[in-house]
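Trainee: If you scroll down you'll find the structure; I have some questions about it.
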Amino acid sequence: MSGERGFVDESIVYLGNGAREYVLVCVIFMQDSIEDVRLTLRPFLLSGQRKLHWRDESIRRRKHILRSLSGLPMDVVVVRSEFQISERSERARRKCLEVLYRELSERGIVDLVLEGRDSSQNQRDVVHINALQQALRVPKAVRIRHIPGWDEPVLWIADFLCGLAGASRSEGDYPDEVLDKVVSSLRADL
């Protein structure tokens, strides 16, 4: 198996006319580089901040942080699923996660950290992956764990790239170097 670990966050993008898009971003690092990445990210915290979060940053600061992220030794996989406002976002999440698990396991990446949500939502993720593994749709080697965003700085990168994926064109001019890190953009059809 690979010496890589994936860090996953999600966002919902409002497309208009009742349509939304569930965006799941996984940033992938070699295990032996993760501590250096954490050390690189922590100085970006401002006084009183527990974590970096796209929506809390000014456009200027977002661009500065994104430029810094572009130099990190990472791969990025993005999975998207469009759904209607009348549909539950959890269904779109499950479809995106299934596509992500399969994509990463094909690359030998089986160690995944998902940003923790509330305990019942985290438990639904565990039940979901167990069901996929029982049905042989995802290899049993794939393991997930949930960590709160403030406890894992590497998750901040996934958050930022989710924000970038949903940023309006009016903000514009985000560094192409970060977008060039996106190695796969996959669709999860409902």
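Trainee: Could you work out the helix-only [θ] at 222 nm for the chain, with each DSSP H run of four or more residues adding -39,500 (n - 2.57) and the total divided by the number of residues, to the nearest 500 deg cm²/dmol?
Mentor: Mean residue ellipticity at 222 nm (helix-derived): -11500 deg cm²/dmol.
Trainee: With the cut-off at 1.5 for a/c, could you classify the stretch 120-165 from its C-alpha gyration tensor as rounded, prolate or oblate?
Mentor: Cα axes put the stretch 120-165 in the prolate bin.
Trainee: Among the lysines in the stretch 4-187, how many pairs, 8 or more places apart or on different chains, have alpha carbons under 24 Å apart?
Mentor: Going through the stretch 4-187 pair by pair, I get 5.
Trainee: Of the peptides 45-56, 141-152, how do they stack up when ordered by the mean number of other Cβ atoms within 10 Å, highest first?
Mentor: Taking the mean over residues of other Cβ atoms within 10 Å, the ranking is 141-152, 45-56.
Trainee: Using square roots of five times the C-alpha gyration tensor eigenvalues, list the equivalent-ellipsoid semi-axes of the chain in whole Å, biggest first.
Mentor: 25, 21, 15
Trainee: Starting from the amide H of V110, placed 1.01 Å from N in the peptide plane, find each other amide H under 5 Å away whose residue is 5 or more places distant or on another chain.
Mentor: S2
Trainee: Take the Cα of R67, step 7 Å along the line toward its Cβ, and report every residue of the stretch 38-60 whose backbone nitrogen sits under 20 Å from that point.
Mentor: Residues 40-46, 52-60 qualify, since their backbone N sits under 20 Å from the label point.
Trainee: Then there's this: Quick check: residue separation of L45 and D118 times 0.36 nm, minus the Cα distance between them. What number comes out in nm?
Mentor: Residue separation times 0.36 nm, minus the Cα-Cα distance, leaves 23.9 nm.
Trainee: Still on this structure, please answer the following. Between the stretch 30-54 and the stretch 74-95, how far is it from one alpha carbon centroid to the other, in angstrom?
Mentor: Rounded to whole Å, the Cα centres lie 26 Å apart.
Trainee: Mind listing the Cα extents of the stretch 89-173 along all three principal axes, in Å, largest one first?
Mentor: 45, 25, 25
Throughout, read-outs are computed from the coordinates displayed, never taken from laboratory work. The shown structure was predicted, so the numbers you read here are calculated from the model rather than taken from an experiment. When we count neighbours, we look across all protein chains shown, and the Cβ atoms used for this are built from the backbone with ideal geometry, even at glycine.
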